[in-house]
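First up is the structure itself, then whatever we jot down about it.
The values are calculated or read from the model by the stated rules, or taken from the named source; none is laboratory data. This one's a predicted model, so the numbers in the text were calculated from it and none came from an experiment. All Cβ positions, glycine included, derive from the backbone under ideal geometry; neighbour counts span all protein chains shown.
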Amino acid sequence: MILHRLEVGGFRCFSSKVAFSLDPEQINILHGKNGSGKSSLLWALIRGLLDTHRAGGKSVEALRPWGTDLGPTVVVDFEHEGKCYRLEKNFLENRSAHLSEQQGNKLKPLAHNEKAEERVREILLSEAPTVGLTKPEKWGLARVLWCPQEHLFVDGFAGRVLGNIQELLGKQAMNQDAVALQNRIEKLYLEYWTSQGKPKGGKDAPFWMKRQGDLPKLEEALADSTRELEELHAAQEAAQTFHDERAKTQSRLEESQNAVAELQARVAEFMPLVEKCGKLKAQCDAKRTEAGALDGVIKQIAELRGKEECTGVRLAELDQAIRDSSQKEDGLQRLFEKVEEVLKSLEGGDLQVSSLGQLLEEAEKYNAGRQQLFEMQSRLQQVFQAKEEIQRNKEDLSGLVAPDDATLSTLDQLATKRVQLQTQLDGALLHVHLKPSTDRSMEILQGFPLGTHQLTAGGDVHVSGSPVIELMIEGFGLMEVTGPASSAAELEQRLAQVTRQIGETTARFGTANVAELKKRHQRAVVLEAQTTGVVKARQQLLGGQTTETLQEAIAQFLQRSATTRESHPSWKDGPPDVAAIRQQLEGATQTFQQRRSEARDEWKRLQTELGTARTARAANERERGQLSKQSGEGRESLLRLRADGLSDVERLQRFKDLSVEAVGLDERYKEEVSHLQRLGGDPRPILEQAQKQQETATQAFQKNDRALHEHRGTLKKLLDRAPYERSAHLEEEIGEIREEIGRDKLRADALRLIRETISKCEEEATAGVAGPISERASKLLHRIAGVRMGSISLSDELAPWAVEPAEAEGAIDLEDLSGGEREQVYVAVRLALAELLTKDAGRRELVVLDDVLTFTDDERLKRVLTILEEMRTHAQFLILTCHPDRYKPLKGANFIDVQQLRR
Amino acid sequence: MRFVHTADWQLGMKAAHVGKAAERVRAARLEAIRNIQQLVREENADFVLIAGDTFEDHGVSRKLVGEVGDLLAGFDCGVYLIPGNHDHWTLGGVWDQARERWSKRVHVLTEAKAVEVKGGWLYPCPLTQRWSDQDPTEWIPQESGDGIRIGLAHGSLRSPLWEGQQNHPIATDAAQRSGLDYLALGDWHSVKEVPGRGGAVRVAYCGTPEPTNFGEPDSGYVLLVDIETHGSRPRLEKRKVSQLDWWNLQAEIHEAGDLGRLIKTIKQRPNPSGTLVRVRLSGMLFATEAELVEELLELVSKRFLYGQVDDSALIPNPKDDSWIHNLPEGSIRDAAKRIKGIAHDDKDPVARRALLQLYDLANGETE
C-alpha cells in the first residue's frame, strides 16, 4: 500500500482539518517541533486504516481534541495493486467507514462500515480487533513496516504477516487450496476449541461438553438409586433376620407362657396345703408355748424353794463366819497396837548411837579447829615477815638516790646532745698531729692543751683549737694553724651550756655519770617491783583482815579449844582419834537399825492380817445382806407363781395334758408337710421367675415384632421406589450420553490433533525463516555500524534478541548494547523485513519511521540514509522527525512541515 | 407328562449396552412369555416349570410384577416356579408381592418340599440367597413310588474347569443320586443338555427365552419335555420363543470392496427393526473406502433396532498414501503423514479418526 494523502480532523491536537500529500517515489520527511502533532498524524493513519469505526472506550475518547466533543475523522487516499482508494472514517460521532475506489475523477463507493474495514484488513493482512482499538500484533503488514515512536522494539511477528514472510522466502507455498483447507480445518476446529486450544465454553460449548454437563446429575441420581438398591438388598437381608429373630422370640414366648401356666396350676394346688400346715403349726406352737410356760412355772417354784433352803443354810454359815472373824480381828488389833508402840519407841533413835555421833562430831570439830588455828598462826607470821621486807626495801630505795624516768630521759638527751656538740666541736676545731722525730719542746700559745710540752721523738702529740692554733716549737718556730673561725666558739658555748645543764641535773645525785645514774634508776625500779610484790602477798595472807583481826581470831580459836578440852580432858594430851570413834558409831548404828527393821516387818504383817480379816468379815456381811434380800424376793416370786390357785400336783397334770396335745398337733403338721414336699416344694419362686421370663420374652417378642413391622414398612417404601428399574434407566441413559460424548469428543480430538500437527509442522517450517532474515538484517547492520557487533540473532517470530560478535564467545543480549547500537539493530531488522516485503514481494509499500534514530550519531545516520535512498526504489518512506536538518543529505526528499499544515 | 421347561427370564433387566433399544429389549422379554403361552397352548403342556431368575432383581417395579403375574395367570396350565439367585426367596422381595396378588394357579415354591403335580412329583430347590456354595439339590430324597420325579433347581453344574468358587454348585449326578427322571435347571443362558448314564439326558439347562446380550449362543429357547413313565428316557425338544435377533458380526477387511460387500450383506438382513446388530471390523482401511465406515455406522444405527460398529481393530492401510499426496504441499501434507504414522504405529483411535477427518476435508466433505 502506498499512501498518497492523509486528512485528519478532530483528532488530538488537530481540532480543525489538516491534510498533506506524500510523494510516492521519494522519501517523505514530516517534521515539526515537539508536540506539533507529527506522531498524532501517524496515529490517525493507523487508527483510520486498522481500527473499527465502532471502537469506543477511553482510548478512543482520548483521540478527541482536548476540551472538545469533536469526533475524530480520518481520510486516507492510498494505492494498492495499481488501484487508488479512499477510506473515510468517523469515530465517536456519526460513526462510519466508507471505502471508495478512485475511477478517473470520481470516487466509486465500494463498501461501508465493516465491509469497508474488512477489505482494508485484507490489503494490510491485519486482523479485526476484539474490543477497543486494534493492538499492534494485529496490524498485519503495518506492524512490520510502520514504526511509531517507541515502537521500534520488535517482539516478533505471527499470523498472516509471518505467513506472508514465509511465503516470500519460499518456505511454504501458501496456495489457495492449502489456505482454504486450513480455513476449513480451522473453522471446524473452532466449533470445538478456542484459538488457545481450550474447549469452548458457555453457549458456544461443543456438543460433548454440553452433554458432559448432563452427566453429573444423572450419575448422582444413579449413585442414589444404586444406593437405594443396595439399601433394598440390605433391608431384605435384614428383614429376613428380623423375621427369624421374631420367630425365635415368639417360640421363646410361647414356651414361657406354657411354663407359667403349669406353675400356676401347681401353685393353686400348693397354697391351700401351705395354709393348712400353717394353721396346724400355729396350734401346735400355741400348745407348746402354754405347756412350756407351765413347765417353767413348775420349775421355777421348785427352784425357788430349793434356793430358799440353800439361802437359809448359807445365812447361818455366814453368821458364824462373821462372829469368828470379829474375834480374830480383836486379837490381831491388840497385837498390832503392841508392835506399834515398840516401833514408836525405836523410831526415837538409840541414845548410844546418838551420843557416839555427837562425840564424833565434836572430835572432828576440835581437830578441824586446831588445823585452822595452825594455819592462821602461820599466816600471821608471814605477814610480819613481809612487813619487814617492805621496810628494808624502802630504806634501800631511799639510800639509792636514783633519778626517776623523766630525769633520766632528760639526762639522756643532754648527754646525747653533749656528744653531738662535742663531735661537732671536734669537727670545728683545728687539729694538729705532731710526730716529732726528735725530742724538743713545744709551747702551745693558742690551742689545747695550752702550755709548754715536751715532745718526744716518735711520740704523738695532738693539739686542737680554734680558730687558730699557735705553736712555738723549739727548733722550728711558730706554727699557726687557722681554720673556720665561727662555729667552734658557738659550739663550745653550747657544749659548755649542756655540760652545765647536766651538772645541774645531776647535782643532787652526787654524780654526773649518766651510766651510773642509769644503773641506780634500774636498781630503784627493781626495788620498787619487789616491794610491790611483797605488799600484794601480805594482803593475800591477811585475806581482807587486818593483822589485829587475825590475831583476835587466833585468840578465839585458842579459847574454844580450851573449852572443848575441858569437856574432854583426855584431849589435853592429844587430839581425839576420830577414826576409832567413827567405827564405834557404825557398830552401834547397825545394831539399832536391825532391831528397828524387825519391828517394822512385824507391824506390816499384823496390819495386813488385820486388813484381811476385816475384808473377809465385810464380804460375809455383804453376802448375808444380799442373801437376805434374795430370800425375800424369792418368797414374793413364789407367792406370784402359785397365784393360779393350783396345787403342785394339779399343775403338773395340766402340763402333761398340754404336752400330749402339742405332740398330736405336731404329728398332724408333719403329715401335711410331707404331703407338700411330695408336691415338689414351693413353686411360687419358680413361678415368679417364670413370670419374669415371660415378661422378658413378651417384651423381646413385641420389640422384634415392632422392628419387623417397621422394617416391612421401610422395605415397602424401598420397593415402591423400584430402585432397580430406576437405576437401569439411568444407566442406560448415561451409557447413551457417554457414547454420544465419545463420538463427538473423538471428532473434536481428531480436529485438534490435525490442527496441532499442522501447527507444529508450520513452526518447524518457520524455524527456517529466521535464518535468511537474520542474514539480511546483519548485512544492513554491518553497513550501518560496522562488523563489530557481528550477526543478529532472531527468534522464530523474527524478534532480535542478541548479537553475536566474532570477538565474543557467545551471544550478547541486546540489553547489553548501548542505546544507539540497539536502535541500529532494530532498524536493521525492520529494514530487512521491509526489503523482503517490498523488493522481494515485488510491490511498493509504505514504510514509516517515527523518530527511530534519536541515539544514532551523524556518521551512522548518514549510512542509514544511504540505505534508505537505495530502498526508495521499492518502498515509499515516511520519516517523522524534529530534526529535519539531519535528513537534508537525502536527495529529493519531500519535507513536510507540520506547522505549515496548521496554517 | 409333558411340560415346558424355561428359566432366566430376567424380567426388568437393564440393557445399557444397547442404548435406546433397552426399553424394547425389556419389552421383548415379556413378549417371549406370550410366545411360551402360545406354545403351551399348542402343545397341550401339563404345566410349566420356571427354574429361577424370573425377575432380574427384587427392586423391579410393582407394575412389572403385576404384569408378569397377569401373564402367568394367562397360561392354560399350572405354572411352578422357584426363586433363583437374582430373585431369591427373601422377606420383602418380589415373591411377597407375587403371593399377595398372583393367581393361585401360579405356584411360587419357596420351600424345599415335594409337591404333587400331574403325573408325578416335583422337588423344588428354591434359593434363599444370592450367593451360596451349597448344592440346592441335596435335600431331594430318594423315594420309591410310581410317579415321575422331576427336580427344579437353579445353579451351576459343578465343573473342574471352573476357576474360583461356583455359585450354588450342583452335582452333575444330582439327578441320578436322587433318582430323578429329570432335573430342570436354570442359570445358564444357553441351552445345554447334559447326557447321563446310557446317554439319556436327564439334566438340562433351557437357557433364557430371550437373549440378554450379544454372544449368547443357543439362547432364545424353551425346552418341551416329554416323559412317559418314571424311569423312562425324557424327550427334549428345543423351541424358539424369542422376539429379537441379536446379530453379532465379525468382518475382516482385506481388500478394497470388502467393506462395500459387508454393507450390502447387512442391508439384506431381514427384520432389521427386530434385530440388534454388532459389527466388529478388523483389517485394513483403504482411503477410498473411508466414507464407507461412516455409511456403515449410519446403516446399523438407523436401520436396525440397535447397531454398534467397533472399528478399533481397523487400521489405515500403510501402503495407501495416494490421497495424502493429493493434499496441498507443506505443513498440511506433512501433518497428514505424521498422523497416519501415529494411527498405524500406536493404533491411536484419535489419530485414525483424524486421518479419516482429514481425508474427508481434503475431498471437500465437511460434516
- Which one is farthest from the chain's Cα centre (by Cα) among residues in the range A:131-140 that are closer than 15 Å to A:Gly48 by Cα and of a type in the set (A, V, I, L, M, F, W, C)? A:Trp139
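So, of the residues in the range B:16-40 that are facing chain A (nearest Cβ under 10 Å) and touching a residue at least 24 places away in the same chain (Cβ under 8 Å), which turns out to be farthest from the chain's Cα centre (by Cα)? Step through it out loud before you land on a result.
Of the residues in the range B:16-40, the ones facing chain A (nearest Cβ under 10 Å) are B:16-23, B:25-26.
Next, only the ones that are touching a residue at least 24 places away in the same chain (Cβ under 8 Å) stay: B:17-21, B:25.
On the way: B:His17: 13, B:Val18: 13, B:Gly19: 16, B:Lys20: 18, B:Ala21: 15, B:Val25: 11 Å.
Only one residue fits best here, namely B:Lys20.
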- Task: Return only the number of the condition from (1) surrounded by fewer than 17 Cβ atoms within 10 Å (Cβ to Cβ); (2) closer than 30 Å to A:Val578 by Cα that A:Leu356 does not satisfy.
- Result: (1)
- Scanning the range A:815-868 for residues that are in a helix (DSSP H, G or I) and under 60 Å from the mean Cα position of the chain (by Cα) gives A:Glu815, A:Asp816
- All positions within the range B:138-159 that are in contact with a Gly (Cβ under 9 Å, 6 or more places away or on another chain) and under 18 Å from B:Thr6 (Cα atoms): B:Arg149, B:Ile150, B:Leu152, B:Ala153, B:His154, B:Gly155
- In the range A:714-748, how many are facing another protein chain (nearest Cβ under 7 Å), buried (at least 21 other Cβ atoms within 10 Å of the Cβ) and either under 24 Å from B:Ile339 (Cα atoms) or among the acidic types (Asp, Glu) (or both)? 3
- Task: Being touching a residue at least 24 places away in the same chain (Cβ under 8 Å) and in contact with a helix residue (DSSP H, G or I) (Cβ under 6 Å, 6 or more places away or on another chain) is the filter; apply it to the range A:790-821 and report the residue that is surrounded by the fewest Cβ atoms within 10 Å (Cβ to Cβ).
- Result: A:Asp796
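Report, by residue number, each residue of the range A:439-471 that is within 30 Å of A:Gln493 (Cβ to Cβ) and among the acidic types (Asp, Glu). Talk me through it step by step, then tell me what you get.
From the range A:439-471, those within 30 Å of A:Gln493 (Cβ to Cβ) are A:442-453, A:460-471; that's our starting set.
If the condition is that a residue be within 30 Å of A:Gln493 (Cβ to Cβ) and among the acidic types (Asp, Glu), then A:Glu443, A:Asp460, A:Glu470 are the ones that fit.
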- Message: Given the options A:Arg323, A:Arg334, A:Arg370, name the one that is among the basic types (Lys, Arg) and surrounded by 14 or more Cβ atoms within 10 Å (Cβ to Cβ).
- Response: A:Arg370
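Condition check ((1) within 23 Å of the chain's Cα centre (by Cα); (2) crowded, with 24+ Cβ neighbours inside 10 Å; (3) at pLDDT 90 or above) across all residues:
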{"site": "B:Arg158", "(1), (2), (3)": "yes, no, no"}
{"site": "B:Gln165", "(1), (2), (3)": "yes, no, no"}
{"site": "B:Ser178", "(1), (2), (3)": "no, no, yes"}
{"site": "B:Leu183", "(1), (2), (3)": "yes, yes, yes"}
{"site": "B:Gly186", "(1), (2), (3)": "yes, yes, yes"}
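For B:Asp76, indicate whether it is away from chain A (no Cβ under 14 Å) and touching a helix residue (DSSP H, G or I) at 6+ places or on another chain (Cβ under 6 Å). First the steps, then the outcome.
Working: away from chain A (no Cβ under 14 Å): yes; touching a helix residue (DSSP H, G or I) at 6+ places or on another chain (Cβ under 6 Å): yes.
Considered against the rule, which asks whether it is away from chain A (no Cβ under 14 Å) and touching a helix residue (DSSP H, G or I) at 6+ places or on another chain (Cβ under 6 Å), B:Asp76 comes out as yes.
Quick check: is even one residue across the range A:753-768 assigned to a loop (DSSP other than H, G, I, E, B), within 13 Å of another protein chain (Cβ to nearest Cβ) and not polar (S, T, N, Q)? Outline the logic, then answer.
As a first pass, look at the range A:753-768 and keep what is assigned to a loop (DSSP other than H, G, I, E, B): A:767-768.
Those left that are additionally within 13 Å of another protein chain (Cβ to nearest Cβ): A:767-768.
Now drop any that are not not polar (S, T, N, Q), which leaves A:767-768.
The answer is yes, given that some residue of the range A:753-768 is assigned to a loop (DSSP other than H, G, I, E, B), within 13 Å of another protein chain (Cβ to nearest Cβ) and not polar (S, T, N, Q).
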- Look through B:Glu43, B:Glu100, B:Glu67 and report the one residue that is out of contact with any Asp or Glu (no Cβ under 8 Å at 6 or more places or on another chain), more than 14 Å from every other protein chain (Cβ to nearest Cβ) and acidic (Asp, Glu). B:Glu43
- Note on the structure: Given the conditions (1) in contact (Cβ under 8 Å) with a residue 24 or more places away in the chain; (2) out of contact with any strand residue (DSSP E or B) (no Cβ under 9 Å at 6 or more places or on another chain); (3) within 25 Å of B:Tyr359 (Cβ to Cβ); (4) of a type outside the set (Asp, Glu), every one holds for A:Ser195 apart from (1)
- Here are some conditions: (1) surrounded by 13 or more Cβ atoms within 10 Å (Cβ to Cβ); (2) over 30 Å from A:His709 (Cα atoms); (3) within 14 Å of chain B (Cβ to nearest Cβ). A:Gln264 meets all but one. Which one does it not meet? (3)
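Tell me the residue from B:Asp334, B:Asp345 that is of a type in the set (Asp, Glu) and more than 12 Å from every other protein chain (Cβ to nearest Cβ), please. First the steps, then the outcome.
Working: B:Asp334 fails: more than 12 Å from every other protein chain (Cβ to nearest Cβ).
Answer to the selection: B:Asp345.
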- Going through (1) part of a loop (DSSP other than H, G, I, E, B); (2) in contact with a Pro (Cβ under 8 Å, 6 or more places away or on another chain); (3) among the aliphatic types (A, V, I, L, M) one by one, B:Ala32 fails only at (1)
- Message: So if I check each of A:His729, A:His711, which one is touching a Phe, Trp or Tyr at 6+ places or on another chain (Cβ under 6 Å) and within 30 Å of B:Phe55 (Cβ to Cβ)?
- Response: A:His711
- Please list, ordered by first then second residue, the pairs with beta carbon atoms under 8 Å, 6 or more apart or interchain, first in the range A:488-499 and loosely packed, with under 14 Cβ neighbours inside 10 Å, second at pLDDT below 85. A:Ala489/A:Ser466; A:Ala489/A:Pro467
- May I ask you to say which residue of A:Leu868, A:Leu878, A:Leu846, A:Leu861 is more than 22 Å from A:Trp43 (Cα to Cα) and in contact with a strand residue (DSSP E or B) (Cβ under 7 Å, 6 or more places away or on another chain)? A:Leu868
- Item | Number of positions in the range A:219-240 that are closer than 27 Å to A:Asn704 by Cβ and at the interface with another protein chain (Cβ under 10 Å from one of its Cβ atoms) | 12
- Message: It is to be established whether one or more residues within the range A:630-643 are of a type in the set (Asp, Glu) and surrounded by 14 or more Cβ atoms within 10 Å (Cβ to Cβ).
- Response: no
- Note on the structure: Expected single match for more than 18 Å from A:Ile754 (Cα to Cα), within 13 Å of chain A (Cβ to nearest Cβ) and buried (at least 16 other Cβ atoms within 10 Å of the Cβ) among B:Leu327, B:Leu297 is B:Leu297
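Right, B:Asp57: among the acidic types (Asp, Glu), crowded, with 22+ Cβ neighbours inside 10 Å and more than 14 Å from chain A (Cβ to nearest Cβ) or not? Explain how you work it out, then say what you get.
Details: among the acidic types (Asp, Glu): yes; crowded, with 22+ Cβ neighbours inside 10 Å: yes; more than 14 Å from chain A (Cβ to nearest Cβ): no.
No; evaluated as a whole, the condition is false for this residue.
Among the residues that make up the range A:759-771, is at least one of them β-branched (Val, Ile, Thr), crowded, with 20+ Cβ neighbours inside 10 Å and modelled with pLDDT of 90 or more?
no
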- Query: Looking only at the range A:605-650, which residues are among the small types (Gly, Ala, Ser) and part of a helix (DSSP H, G or I)?
  - Reply: A:Gly611, A:Ala613, A:Ala616, A:Ala618, A:Ala619, A:Gly625, A:Ser628, A:Ser631, A:Gly632, A:Gly634, A:Ser637, A:Ala643
